[in-house]
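See below for the structure under consideration.
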Amino acid sequence: MKKVIQLILAVALSVTAMYGAEPSATKLLDKMIAAYGGAENLKQLNDYKQSWHIETKVSDTNGSDLREVMIPSYLYTHLSYPHKSEVRILEGDKGVKKFGQKTIEAKGPMLDAMKLQLMRLFHPLELKKRVKNIKLSLTPTHYMFSLDENGLTAEYFVSKKSFLIQKVIGRLQIGGQKMEFLTLYQDYKRVNGVMVPHKEVKYAGEVNTAIMRLQVTQFKHKNKNSKFVKLNINS
């Protein structure tokens with residue numbers, strides 16, 4: 001009888017080791033930090049500027065996106081097209097939009113959309129600070145981190161092979177309807193020691209709205225190897 005019990009326990013432990021030992025969010029984030037280039041290099045993504053080319057998929061007019069990011073609370077975006085421009089500024093819980101000489105305060109879903117735009121840019125170091133608010137689930141090809149913050153939800157899909165973020169889904173309520181914004185992150189390249197996506201494919205609902213390609217990255221703060229970096233990157 002004793003041998004039977006020992007055999008059952010051995011089988012149970014074996015099954016647990018094979019199927020039940022799911023990785024924790026913290027351990028996965030540590031692997032992501034290493035894959036992106038290490039914590040010191042990742043700190044460069046706390047404060048940077050980028051210039052993007054916008055291939056618009058809903059019209060024949062292309063444009064550019066000048067972006068300034070200061071994690072975790074500031075995002076400046078200047079969208080420029082041949083016949084119009086728009087500036088969006090998020091600072092903490094306040095946001096504004098500028099259309100030429102006109103400035104409006106962002107409220108409600110408009111403000112929430114701006115907050116989601118910043119949340120989708122959270123890198124592994126920032127996600128690790130929020131690990132208590134993250135739920136981890138698995139798909140056949142990805143780890144999925146779901147972050148709830150101030151009533152907004154961002155889902156980060158992380159490749160099981162590369163440990164890089166391959167897509168982010170932001171969800172919010174507009175009226176009585178749920179709206180979903182999807183960004184695919186592609187063409188990762190190492191820039192001054194940190195992995196940076198050079199292509200973003202954007203969807204609003206099921207509509208592919210734009211394909212963006214990175215042109216320039218400026219890091220504001222030094223990593224362990226350099227004081228300032230300005231790289232022209234054409235893809």
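The values are calculated or read from the model by the stated rules, or taken from the named source; none is laboratory data. Keep in mind the model is a prediction, meaning the values are calculated, not measured. Positions of Cβ are generated from backbone atoms using ideal geometry, with glycine treated the same way; all protein chains shown enter the neighbour counts. Heads up: the accessible areas ignore ligands, DNA and RNA and are worked out on the full protein's heavy atoms, side chains in. Shrake-Rupley method; radii C 1.70, N 1.55, O 1.52, S 1.80 Å.
Would you confirm whether any residue within segment 152-159 is within 11 Å of the chain's Cα centre (by Cα), at pLDDT 95 or above and among the hydroxyl-bearing types (S, T, Y)? Yes, segment 152-159 has at least one match. Of the numbered criteria (1) open to solvent by 60 Å² or more (accessible area, probe 1.4 Å); (2) touching a helix residue (DSSP H, G or I) at 6+ places or on another chain (Cβ under 6 Å), the one L90 fails is (1). Take the conditions (1) within 15 Å of the chain's Cα centre (by Cα); (2) within 20 Å of Q215 (Cα to Cα); L66 misses just one of them, which is (1).
Sort through M144, M119 and tell me the only one that's out of contact with any His (no Cβ under 7 Å at 6 or more places or on another chain) and touching a residue at least 40 places away in the same chain (Cβ under 8 Å). Full working, then the answer.
Numbers: M144 fails: touching a residue at least 40 places away in the same chain (Cβ under 8 Å).
None of the others qualify; the one that does is M119.
Residues of segment 90-104 that are among the β-branched types (V, I, T) and in contact with an Asp or Glu (Cβ under 8 Å, 6 or more places away or on another chain): V96 alone. Scoring L79 on the criteria (1) farther than 30 Å from L29 by Cα; (2) surrounded by fewer than 16 Cβ atoms within 10 Å (Cβ to Cβ) leaves a single failure, condition (2). Of all the residues in segment 83-113, those that are under 19 Å from D65 (Cβ atoms), free of Cβ contacts under 8 Å to residues at least 60 places away in the same chain and of a type outside the set (F, W, Y) number 16.
The set of residues in segment 23-60 being at pLDDT below 95 and under 17 Å from K161 (Cβ atoms) consists of P23 alone. What residue, among those in segment 163-202 that are among the polar types (S, T, N, Q) and within 18 Å of Q117 (Cα to Cα), is farthest from the chain's Cα centre (by Cα)? Step by step, filter segment 163-202, then rank; the result is Q173.
Every condition in (1) part of a strand (DSSP E or B); (2) crowded, with 19+ Cβ neighbours inside 10 Å is met by F163 except one, and the failing one is (1).
The rows are residues; the columns are (1) charged (D, E, K, R); (2) in contact with an Asp or Glu (Cβ under 8 Å, 6 or more places away or on another chain); (3) in a helix (DSSP H, G or I).
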residue: L118; (1), (2), (3): no, no, yes
residue: E126; (1), (2), (3): yes, no, yes
residue: L147; (1), (2), (3): no, yes, no
residue: V158; (1), (2), (3): no, no, no
residue: T183; (1), (2), (3): no, yes, no
residue: H221; (1), (2), (3): no, yes, no
